[in-house]
Amino acid sequence: MTARRLTVLILGGYGTFGGRLAFLLAPNPGLDLIIAGRSIEKAEAFIATLPAGALRTARSIDRGSGLAAAFAAERPDILVDATGPFQAYGPDPYAVVRAAIDAKINYIDLADGSNFVEGIGQFDRSAATTGIFVLAGASSFPVLTSAVVRALGDDMETIDSVAGGIAPSPYAGVGLNVIRAITGYAGQRIRIVRGGEASTAFALTETRRCTIAPPGRLPLRNTRFSLVDVPDLVLIPRDLPSVRDMWMGAGPVPEILHRALNLFAWAVRLRLLPTIAPLAGLCYWAINIFRWGEHRGGMFVELSGTTRDGHEARRSWHMLAEGDDGPLIPSMAVAIVVEKMLEGIVPVAGARAATRELELADYERAFADRAIFTGRRDDSASRRMPLYRQLLGQAWDSLPRSIRQMHDIDGRVVAEGLADVETGAGYRASLIRRLVGFPQAGRNVPVSVTFDVVDGIEIWTRSFAGVTFSSKHSPGRGRDDRLVIERFGPVRVSLAVVIAHGQLSLIVRRWSLFGLPLPLGLAPRSEAQELEANGRFNFRVAISHPWVGLIVRYRGWLGDPGLSTV
């Protein structure tokens with residue numbers, strides 16, 4: 001059987017999202033890629049950077065004129081509009097769509113403007129008559145979000161509220177057209193559903209915080225999200241009439257720039273400024289110059305409603321993308337549609353929003369070869385669970401038996417074993433050990449750990465040959481959401497619970513002294529791992545400080561809780 005071959009013309013093909021789409025498609029030898037834009041020189045230069053595989057051609061095409069002739073000359077199987085900003089296409093926003101229909105070319109875009117995507121349905125009859133598909137909004141908002149909502153709510157009787165947000169890496173390289181779109185609607189009225197009624201809100205003047213935390217993974221830092229104008233606000237309530245409240249946001253970092261954008265949006269809302277669109281260039285410069293923090297991004301979607309058996313349900317889906325893989329996600333929907341067409345799976349003719357073209361499983365397959373990790377949380381069920389099981393969610397079952405048994409506690413249990421203890425030199429390390437009650441150096445030191453649970457707080461009391469110290473473990477709230485809080489006297493440490501290669505690790509994310517938050521660079525260094533060896537629970541703990549050096553390091557094993565083994 002002859003392999004299927006497709007020609008894909010990407011309008012805006014060397015831009016931010018078009019370029020990333022081209023990067024995703026370029027390795028496929030079954031494609032002919034046409035990289036088009038106003039500058040043939042830029043298109044040619046960009047083509048030289050793409051990986052080998054597909055045939056590549058550069059073309060000069062201006063979406064503002066000569067479209068009919070250009071499309072007639074190229075005759076692609078699929079036209080992708082990756083230009084934008086779709087919110088500012090002027091008096092004739094659908095010129096490319098009509099030209100594609102006239103030329104009988106399948107059309108798909110990455111539009112993020114709610115009005116543009118909602119209005120695509122007006123071309124349904126002409127597209128269906130012509131025998132082509134016209135898909136709008138094939139991006140994270142609203143295709144991935146809609147797929148997540150369907151997957152999370154597949155057994156729910158009603159979905160009452162939907163919220164979500166995207167937190168891009170500060171190093172993602174946001175395009176100028178994205179900034180133009182954001183500054184164009186900042187502080188302006190946008191449509192939203194609240195209390196079951198159609199309402200309006202003001203973009204970028206409403207905020208909420210969320211910690212994106214796929215179970216068992218190192219979470220993103222707690223992030224500020226601001227309400228944005230995306231198609232989801234209109235399309236999801238239209239598809240799910242039971243939804244009474246919708247909210248979708250973006251969480252750009254660093255937060256100081258984000259707050260400045262909120263301030264400008266409020267100036268527009270209060271009519272102190274007509275618009276901040278003229279500041280797009282300045283914002284673009286600032287966000288691509290003043291950037292710091294972790295090169296990681298993510299996304300969350302959360303639902304609340306009722307299950308078919310009448311129980312309250314509150315669920316969330318979390319996605320974490322490491323490094324340069326995150327910026328590819330908005331372009332993945334189009335790439336997946338193209339790959340499906342190579343397999344003979346072609347979208348039905350007609351014009352519509354692309355919200356139902358892909359399911360979450362399609363994305364999961366695309367994520368599998370990249371540093372993109374997802375997970376679900378059932379927050380309504382987790383409230384009744386022990387602390388660590390609550391924090392780890394679906395990752396809990398991946399832990400070895402002995403680690404699960406040590407943390408699956410209710411009331412008081414005791415575990416006993418042996419440990420080797422090493423202490424740091426110097427009077428400062430010695431003073432800290434005495435103040436906290438850390439053990440002295442020794443080999444095969446008898447150790448016992450007593451776990452008490454009082455009002456949801458776990459108290460761990462460790463005794464090394466009679467030298468005892470304790471700490472309290474509790475679930476984080478607010479900016480410490482999805483973290484465990486460990487308290488040693490006046491020291492409060494916020495820890496991420498992470499699983500890797502069957503080991504559980506506790507990683508410091510925040511800390512305070514006498515209630516005063518302090519820079520992480522000044523925090524004690526803590527290395528804490530739990531693992532299983534020879535069927536027994538093993539632990540490795542090292543505590544140090546940049547100004548002190550090693551304070552204490554101990555490693556050993558514990559028997560099953562409740563059983564005396566020494």
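Applying 1/(1 + (r/R0)^6) with R0 = 56 Å to the Cβ-Cβ distance of Thr461 and Lys104 gives a FRET efficiency near 0.15.
Neighbour counts of other Cβ atoms within 10 Å put His258, His318, His501, His295 in the fewest-to-most order His501, His295, His258, His318. Multiplying the residue separation of Ala381 and Ala441 by 0.36 nm and removing their Cα-Cα distance gives an extension gain of 17.3 nm. The stretch between Arg487 and Thr306 holds 61.5 nm of extra length on full extension. This uses 0.36 nm per residue minus the Cα-Cα distance. Solvent-free Debye calculation, one equal scatterer per alpha-carbon of region 387-558: log10 I(q)/I(0) at 0.16 Å⁻¹ equals -1.02.
So if I place +1 on the C-beta of Lys and Arg and -1 on the C-beta of Asp and Glu, and nothing else carries charge, what would the dipole magnitude of region 385-514 be about its Cα centre? I want it in debye, nearest 20.
460
By the combined test of axial Cα extent (at least 24 Å) and Kyte-Doolittle hydropathy (mean at least -1.0), none of the DSSP H helices of the chain qualifies.
Backbone phi angles across region 521-530, fed through the Karplus curve with coefficients 6.51, -1.76 and 1.60 (θ = phi - 60°), yield HN-Hα couplings of x, 9, 6, x, 8, 10, 10, 9, 10, 10 Hz in residue order; Gly and Pro are listed as x.
Among Met385, Met341, the order by Cβ neighbours within 10 angstrom, fewest to most, reads Met385, Met341.
Our helix-only sum for the chain, with -39,500 (n - 2.57) per DSSP H run of n ≥ 4 divided by its residues, gives a mean residue ellipticity at 222 nm of -7000 deg cm²/dmol. Among 138-145, 459-466, 103-110, 174-181, sorting by the average number of other beta carbon atoms lying within 10 angstrom of each residue, highest first, gives 138-145, 103-110, 174-181, 459-466.
Within a straight-line Cα-Cα reach of under 30 Å, Lys42 can be paired with the following lysines, leaving aside sequence neighbours fewer than 8 residues apart in one chain: Lys104, Lys340. The radius of gyration of the Cα set in the chain, together with its Dmax, comes out at 27.3, 87 angstrom.
What the Kirkwood sum gives for region 484-566 is a hydrodynamic radius of 14.3 Å, with every pair of different alpha carbons counted. When peptides 467-477, 232-242, 111-121 are ranked by their average number of other Cβ atoms within 10 Å per residue, the highest-first order is 111-121, 232-242, 467-477. Shown here are the Rg and Dmax of the Cα trace of region 6-136, at 14.0, 40 Å.
If you model region 1-79 as an ellipsoid using its alpha carbon gyration tensor, with each semi-axis the square root of five times an eigenvalue, the axes come out at 20, 16, 9 Å, biggest first.
DSSP loop chymotrypsin sites (Phe, Trp or Tyr not before Pro) in region 473-548 with at most 12 other Cβ atoms within 10 Å of their Cβ, which ones? Loop-located and lightly packed - Phe514, Trp547.
Just so you know, all these numbers are worked out from the coordinates, no wet-lab data involved. Here the structure is a predicted model, which is why all the values come from computation and not from measurement. Counting neighbours? That spans all protein chains shown, and the Cβs are built from the backbone with ideal geometry, glycine included.
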